[in-house]
Amino acid sequence: MLRIKFLEISILILSIILTCSFFTKTHAQNSAIKTNEFIFKDVPFKACHASTIESTNEGLVASWFGGTKEGNEDVRIWVSRKINGEWTDPESVANGIQHQDKRYPTWNPVLFQYPNGPLMLFYKVGPHPSKWWGMLKTSNDAGKTWSTGYRLPEDILGPIKNKPILTQEGRLISPSSTENDGWRVHFEMTSNHGKSWELIGPINDASQYNVIQPSILKHGGDTLQILARSKENYVISSWSYDSGYNWTELKPTNLPNPNSGTDAVTLENGTHLLVYNHSKGEEGKWGGPRTPLNVAVSKDGNSWQNVLTLENEPGEYSYPAVIQSEDGLVHITYTWKRERIKHIVIDPSKL
């Protein structure tokens, strides 16, 4: 009888401990999230995807592609600005019209604000990712008005999904990739606001790892790291010790990847933050559910800890973009069920 009572008490205590641990973790996660909102509700398109976000001296600017369905000719690039705490109605700023009888879909916008310079909007036009080309527009008024889009030089695609980084020397490094000869990563560099470009790579031949859509982390000095989407069920990493000219062999991290886009940023305090889907496909298969959507952090870029769940219900929550604004807060946008774009603000000190 005493043994039974002891067992019952032990089970009760363990249950209390687990329950308290769950609520403590949940409360900590909830307290880190400062804002959880949709950028828009009613819009003139059925589907949207591939958002990007940037901070300007006049506030936040977000962009994405939207139309009847990804890859359809009517898919355009849309922009919204956050003014006085409210997002403006989405405005179409780019399309794939070539002439009155030919039109292509647009893809994967990427925003980048040059310090004391223009806001740049990179995007792609073409029938398919294996055949698209890079385009660029600029804005001198924080996204209110835009220049005429122009095509980037041959073989220069612009940042393929995630933002470029600016080195201390003023060199812009765009993380890019191609899908026409296996999935391969390369880099595009400019020191004159895109007037001329230098092509680096590709850094892999797709024989072992098929990777696209890298994001770049800064480790101080000339050391850079990429994290990339892969077909191999893991987030894949590579390192450069000469500011992006040469890269190490690709290797998997300890984080899963269901063949879905990720994005990462190095915070002001040196912590690295990644937004990704913590799931993967079945053994021997690539591709899995694009849920849950998570935030992981790392001090060294090698060991990653999953610290926050943004979405965990059935559905697609994917293609995140992440930045840190001047006030230290982290801004994340992502695809919500291909119907809307969600914006979440996180206080990284509470992760």
Only one residue in Ser51, Ser31 is in contact (Cβ under 8 Å) with a residue 60 or more places away in the chain and either within 15 Å of Glu91 (Cβ to Cβ) or crowded, with 16+ Cβ neighbours inside 10 Å (or both), so which one is that? Ser51
Return yes when Glu86 is without any contact (Cβ under 8 Å) to a residue 12 or more places away in the chain, of a type in the set (Asp, Glu) and under 26 Å from Glu326 (Cα atoms) and no when it is not. yes
Based on this model, can you work out whether Pro153 counts as under 21 Å from the mean Cα position of the chain (by Cα), part of a loop (DSSP other than H, G, I, E, B) and surrounded by fewer than 20 Cβ atoms within 10 Å (Cβ to Cβ)? no
Within segment 206-222, count every residue that is assigned to a loop (DSSP other than H, G, I, E, B) and more than 15 Å from Glu249 (Cα to Cα). 4
How many residues of segment 80-104 are part of a loop (DSSP other than H, G, I, E, B) and charged (D, E, K, R)? The answer is 2
Within the group Ile77, Ile173, Ile160, which residue is buried (at least 18 other Cβ atoms within 10 Å of the Cβ), aliphatic (A, V, I, L, M) and assigned to a loop (DSSP other than H, G, I, E, B)? Ile160
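No value in this document is a laboratory result; all are computed from the given coordinates. The shown structure was predicted, so the numbers you read here are calculated from the model rather than taken from an experiment. For neighbour counting, all protein chains shown are included, and Cβ atoms are generated from backbone atoms with ideal geometry for every residue, glycine included.
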